[in-house]
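Working notes, structure below.
The values are calculated or read from the model by the stated rules, or taken from the named source; none is laboratory data. Note that the coordinates shown come from a computational prediction; the quantities given were computed from them, not determined experimentally. Using ideal geometry, Cβ is built from the backbone for each residue, glycine included, and neighbour counts are taken over all protein chains shown. Ligands, DNA and RNA are excluded from the accessible area calculation, which covers all protein heavy atoms including side chains. Shrake-Rupley method; radii C 1.70, N 1.55, O 1.52, S 1.80 Å.
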Amino acid sequence: MDDYRSPWVDDEVAALKDMAGKFFETVAIPQRERWEEQQRVDREFWLAAGRQGLLCAAIPEIYGGGGGTLAHDFAIFEAQAATGESGFGNQVHSGLVAHYLLTYGTEDQKLRWLPGMATGELIGAVAMTEPEGGSDLKALRTTAIRHGEDYIVNGSKTFISNGVNADLIILVLKTAPADGTRGVSLLVLETRDAPGFNVGRVLNKVGMKAQDTAELFFDDVRVPVGNLLGAEGMGYGYAMAQLAHERLVVADWGIAMMERAVAETIAYTKSRRAFGGPLIDMQNTRFELADCATITRVARVFVDHCIVRHLRGELDKTTASMAKAWVTEQQCQVLDRCVQLFGGYGYMLEYPIARLHADARVQKVYAGTNEVMKELVARSL
Ligand SMILES: Cc1cc2nc3c(=O)[nH]c(=O)nc-3n(C[C@H](O)[C@H](O)[C@H](O)COP(=O)(O)OP(=O)(O)OC[C@H]3O[C@@H](n4cnc5c(N)ncnc54)[C@H](O)[C@@H]3O)c2cc1C
């Protein structure tokens, strides 16, 4: 394909992306199968990524971060996605948790937690979804009831990315259960010394096998009042405000995977022969690849448009929802068409295309399902 460069990628961001890509390719990919078997990425890898400057790149240096912009974060996420390594939950850690802390944390909280997140000593997670439902955030059942200088947390969460490794978990829960959305707050659980907190099963997923997605249980867990993030009762609004960013992170991850898939398929169809010639000489192959390359470019331009607006602080929730739903829908369709061009090899996990395909499906589900995205878009019409 040609040498299109995203408008938000300058030489410095391009160099970071290049460095990050080499790091994931040489350090992460050789360990991937072992991580998949143990269903989580080694903590040592988090520390190595921290030393490499790949954690909290957009967090100011006074809090230990890289002092960059969201462009640096997006470049690192894309570099990882393009290698097909999907276990390392940096999009949640640097992309979400760090920004929640930066946006809503007190000075003391930022100084206490962000430096450790930047080195990889503290791994972050966000826990919203509960076993009874994820889309309907208003129906949360996990509670935090204040007793003196602590909140007492009871309930459970599920599908939590980085759930096993996490040292800091931003819990979205109810501090005033009778008050509907006005009773929702954010509480930071420090997992290392938290009696009553238990991590359940690491969930056995269709893809993203090295990602430690887990169930979490809270049985009278004491969390100091000082760990409240922002104001009590404002958690629903905070979570909604961060969702535009989260949705763009998912769309960005999706476009990087699509680009890798198309490149893999072009290379494969040039080398694979059938009926006396390379697959790419067949009209169906050429038309399929032309379609996939065009859809991928259109998605890239849309994602770039969103990132540029986001960097200016101008990305609205509706456009972010459009990007999440549309790009991930295209991602799944393009991945399926690419797998078809690989024939049986496309179903073999030793081929990157098979893993990209397996990892793609959940993109339409997490960070708000695509149906919920369409509801949000429709509401704005
Ligand atoms: C691999 C993975 C990682 C995840 N990581 C995290 C994480 O780190 N933190 C976290 O909090 N959560 C996480 N999730 C949870 C994810 O965000 C939820 O699965 C998702 O929000 C959907 O919730 P649900 O599974 O309860 O489905 P449900 O809410 O039960 O939805 C089931 C179906 O009903 C549809 N539906 C629901 N409401 C509506 C509506 N109003 N209109 C139309 N259709 C609707 C949905 O679109 C879906 O098709 C993760 C999930 C997975 C699979």
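Observations on the structure shown:
- Taken over region 227-259, the criterion of being open to solvent by 50 Å² or more (accessible area, probe 1.4 Å) and in a helix (DSSP H, G or I) is satisfied by Tyr236, Met240, Ala241, Glu259.
- Identity of the residue in region 105-121, part of a helix (DSSP H, G or I) and open to solvent by less than 40 Å² (accessible area, probe 1.4 Å), that ends up nearest to the ligand (Cβ to nearest atom): Met117
- Check on Val362, β-branched (Val, Ile, Thr), within 16 Å of the ligand (Cβ to nearest atom) and in a helix (DSSP H, G or I): yes
- Ile152 meets each of the listed conditions (1) within 16 Å of the ligand (Cβ to nearest atom); (2) closer than 25 Å to Pro195 by Cβ; (3) aliphatic (A, V, I, L, M) apart from (1).
For (1) of a type in the set (Lys, Arg); (2) more than 16 Å from the ligand (Cβ to nearest atom); (3) not in a helix (DSSP H, G or I), each residue gets a yes or a no:
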residue	(1), (2), (3)
Arg297	yes, yes, no
Ser321	no, no, no
Glu329	no, no, no
Val339	no, yes, no
Gly346	no, yes, no
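- Those residues of region 343-378 which are open to solvent by less than 40 Å² (accessible area, probe 1.4 Å), in contact (Cβ under 8 Å) with a residue 40 or more places away in the chain and on the phi < 0 side of the Ramachandran plot, in sequence order: Ile353, Arg355, Leu356, Ala358, Asp359, Ala360, Gln363, Thr369, Asn370, Met373, Val377
- Conditions (1) open to solvent by 70 Å² or more (accessible area, probe 1.4 Å); (2) in contact (Cβ under 8 Å) with a residue 24 or more places away in the chain; number of the one not met by Leu381: (2)
- Summed over region 309-319, residues that are outside any helix (DSSP H, G or I) and not small (Gly, Ala, Ser) total 4.
- Restricting the first member to region 122-148 and to residues that are under 17 Å from Gly235 (Cβ atoms) and within 10 Å of the ligand (Cβ to nearest atom), and the second to residues that are at pLDDT 95 or above and charged (D, E, K, R), the beta-carbon pairs closer than 7 Å and six or more apart or on different chains are Ala127/Lys157; Thr129/Lys157; Glu130/Arg141; Glu130/Lys157.
- Of all residue pairs spaced 6 or more apart or on separate chains, those with beta-carbon atoms under 7 Å, a first member in region 283-302 that is in contact (Cβ under 8 Å) with a residue 24 or more places away in the chain and a second member that is exposed (fewer than 13 other Cβ atoms within 10 Å of the Cβ) are Ala293/Met1.
- Condition broken by Leu189, with the remaining ones in (1) in contact with a Ser or Thr (Cβ under 7 Å, 6 or more places away or on another chain); (2) among the aliphatic types (A, V, I, L, M); (3) part of a strand (DSSP E or B) satisfied: (1)
- Of the residues contained in region 167-182, one or more are found to be over 19 Å from Tyr238 (Cβ atoms) and either in contact with a Pro (Cβ under 7 Å, 6 or more places away or on another chain) or within 16 Å of the ligand (Cβ to nearest atom) (or both).
- Counting only strands (runs of 3 or more DSSP E) that sit completely within region 136-178, those holding 3 or more residues that are closer than 15 Å to Val188 by Cα and open to solvent by less than 50 Å² (accessible area, probe 1.4 Å) correspond to 150-160, 168-174.
- Qualifying residue in region 196-211 (condition: away from the ligand (no atom under 16 Å from the Cβ), of a type in the set (Gly, Ala, Ser) and in contact with an Asp or Glu (Cβ under 8 Å, 6 or more places away or on another chain)): yes
- Any hit, region 281-293, residues being more than 25 Å from Phe88 (Cβ to Cβ), at pLDDT 95 or above, in a helix (DSSP H, G or I) and under 25 Å from the mean Cα position of the chain (by Cα): yes
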